[in-house]
1. Taking the Cα centre of the chain as origin and charging only Cβ (+1 Lys, Arg; -1 Asp, Glu), how large is the dipole, in debye to the nearest 20?
2. Evaluate the distance, in nm, between pseudo-label points positioned 7 Å from the Cα of Thr192 and of Ala5 along their respective Cα→Cβ axes.
3. Restricting everything to alpha-carbon atoms, can you work out Rg to Rh for the chain with a Kirkwood hydrodynamic radius?
4. For Ala204 and Gln13, compute 0.36 nm times the residue count separating them, minus their Cα-Cα distance, and round to one decimal in nm.
5. For Asp79, list long-range residues whose amide hydrogen, built 1.01 Å from N in the peptide plane, is under 5 Å from its own amide hydrogen.
6. Can you list the residues, at least 5 places off or on another chain, whose amide H is less than 5 Å from the amide H of Val38, using H built in the peptide plane?
7. Hey, which lysines would be in cross-link range of Lys186, C-alpha to C-alpha under 20 Å, not counting anything within fewer than 8 residues on its own chain?
8. Which of the helices in the chain meet the span-like rule: DSSP H, Cα axial reach of 27 Å or more, Kyte-Doolittle mean at least 0.5?
Amino acid sequence: MSTMARPSTKAEQSLLEEGFDVIVGLDEVGRGAWAGPVSVGVALIPMKVPPPDGLRDSKLVSEHHREALFPLVAAWCMDWSVGHAGPDECDQWGMTIALRLAAQRALAGLTCIPDVVLVDGGFDYVTEPGNDDAGTVQNPRIRTLVRGDATCTSIAAASIVAKVTRDRMMRDLSESFPAFDFDRNKGYPSPTHRTALAGRGLTAIHRRSWSYVENLPYR
């Protein structure tokens with residue numbers, strides 16, 4: 001388990017002081033993968049109950065410990081959800097819109113209605129361009145937070161539920177494509193993944209518009 005500083009609720013507390021009530025954290029996983037969905041997690045945390053011990057950005061936690069954390073985080077959260085956009089949607093719409101679709105599906109899966117969404121990173125991929133209705137039920141306000149997955153508790157919780165949910169999907173899919181080692185690489189490039197692509201070509205779950213496809217001997 002990482003010894004790095006734990007994320008805090010400083011961002012959530014600041015928004016509560018601004019007068020907002022329902023504040024959720026949001027994070028994505030799978031943006032850089034070559035296969036499988038891009039997934040977005042969203043989490044509403046209890047401000048007066050400490051998080052499970054070891055809660056961190058999912059990238060700082062081993063797969064074994066993420067799996068152990070997942071039921072604890074899921075039970076601790078007041079509400080959480082994960083949304084996905086498939087590889088076909090990544091190809092059809094591009095990554096920004098695919099992320100937006102996954103985020104909208106995650107938010108739609110909540111039982112609560114957020115006032116504000118804390119998004120990891122410096123880019124709001126949740127709000128549709130030209131949308132002037134920010135702050136409404138359908139379009140909550142967005143606050144971006146660089147390194148939010150490492151510093152913000154609700155975003156860290158969202159990163160754990162998103163990562164574990166997507167990893168489990170990729171392990172299940174690996175049974176249909178054993179040569180690609182998806183149970184270990186989760187659709188990201190790896191030596192085994194690259195070798196399988198060169199010898200077998202694309203599977204049904206690969207993103208076919210990514211630049212790596214251009215160098216394949218056949219598709």
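Just so it is clear, none of the values below were taken in a lab; they were calculated from the coordinates. Everything numeric here is computed off the predicted structure, so don't read it as measured data. Note that we place each Cβ from the backbone using ideal geometry, even for glycine, and neighbour counts take in every protein chain shown.
1. Here the chain has a charge dipole of around 720 debye.
2. 3.8 nm
3. For the chain, the value is 1.00.
4. Length gained between Ala204 and Gln13: 64.3 nm.
5. Long-range HN contacts for Asp79: Leu44.
6. Ala85
7. Counting by Cα, and skipping residues close in sequence, Lys186 has these lysines nearby: Lys59, Lys163.
8. none
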